[in-house]
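Colleague: If you scroll down you'll find the structure; I have some questions about it.
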Amino acid sequence: GVDVLSDVGDLGFYSGHVGSLNLNGFDQTVRDVLVVGATGFEAQHPGYSAMYVTSATPATLKLTGAGTYAPHNLNFRGAASLHYAGTGRLALTNTASTTTGSLTVSGGEVALLAGATWANCTNVVVSGSGKLTLDAGVAAKGAFSREATVSVSDAGTIAIPAGETVVVRYLWRDGEPTFSGFYREGFVTGGGTLRVRKSSRKAGFRMLIK
């Protein structure tokens, strides 16, 4: 469908209130998600507001801005997906996303903090120079579904804290299938581990990558 909102505008939620955006099966592109306060748009302070994006059928909210803000209490429900294609940093915190949609980072950074898990998400994409950062609490709770397929480009990275392991089903690297195993360096930063349960190659085997 055609974007209803301007793709060069910002999506604002009023500070101190619960707000929602129902995509209703239509993709939407905006620059940033911000909080509207008494003096205009302002950075979000954790705990002030709750915001969610939902859709009963698959639809994607794409963010293209360059903003770097304090963490948002922003979560995704239903079949709504998030595609961050900006050059800034989007930090989600406090509330878990229950969506079955996808999480895509194709630029900038998306950080999942303080319980902002995507436990039902089975498709995680880090493309371009995107960076996906998980804090220790999110990693420990299971950032994504154990059935997730994770695709990471040659320049993309996933930051997992030391001592934590994130478990997924399949891994694709720069468009190529990989083997099952434990991935701890290269595209995995932060000292943690990405455990891949199944080989996406036809004749795979388990291996340890230090």
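The values are calculated or read from the model by the stated rules, or taken from the named source; none is laboratory data. Bear in mind the structure is a predicted one, so any value in this text is a computation, not a measurement. Cβ coordinates were reconstructed from backbone atoms using ideal geometry, including for glycine residues, and neighbour counts include every protein chain displayed. Each accessible area value is taken on the protein alone, full model and side chains, heavy atoms only, with ligands, DNA and RNA left out. Shrake-Rupley method; radii C 1.70, N 1.55, O 1.52, S 1.80 Å.
Colleague: Taking the residues in the range 107-141 that are part of a loop (DSSP other than H, G, I, E, B) and among the β-branched types (V, I, T) as candidates, determine which candidate is least open to solvent (accessible area, probe 1.4 Å).
Modeller: If we take residues in the range 107-141 being part of a loop (DSSP other than H, G, I, E, B) and among the β-branched types (V, I, T), then T117 is least open to solvent (accessible area, probe 1.4 Å).
Colleague: Mind listing whichever residues of the range 65-85 are farther than 13 Å from A111 by Cβ and at pLDDT 95 or above?
Modeller: Of everything in the range 65-85, those that are farther than 13 Å from A111 by Cβ and at pLDDT 95 or above turn out to be F76, R77, G78, A79, A80, S81, H83, A85.
Colleague: Further question: Do any residues in the range 155-178 that are open to solvent by 60 Å² or more (accessible area, probe 1.4 Å) have Cβ atoms under 6 Å from those of residues that are assigned to a strand (DSSP E or B), where the two are at least six apart or on different chains, and which pairs are they?
Modeller: Within 6 Å, the pairs are A162/G191; T165/T193; T165/R195; Y170/T149; W172/S151.
Colleague: Of all residues in the range 25-50 being at pLDDT below 65 and of a type in the set (F, W, Y), which is surrounded by the most Cβ atoms within 10 Å (Cβ to Cβ)?
Modeller: Y48
Colleague: Every residue in the range 142-154 that is closer than 14 Å to V168 by Cα, in a loop (DSSP other than H, G, I, E, B) and either at pLDDT 95 or above or open to solvent by 50 Å² or more (accessible area, probe 1.4 Å) (or both), please.
Modeller: Of everything in the range 142-154, those that are closer than 14 Å to V168 by Cα, in a loop (DSSP other than H, G, I, E, B) and either at pLDDT 95 or above or open to solvent by 50 Å² or more (accessible area, probe 1.4 Å) (or both) turn out to be A143, S145, R146, E147, A148.
Colleague: Of everything in the range 51-86, what is aliphatic (A, V, I, L, M), surrounded by fewer than 21 Cβ atoms within 10 Å (Cβ to Cβ) and under 19 Å from V18 (Cα atoms)? Give them in sequence order.
Modeller: Correct list: A70 only.
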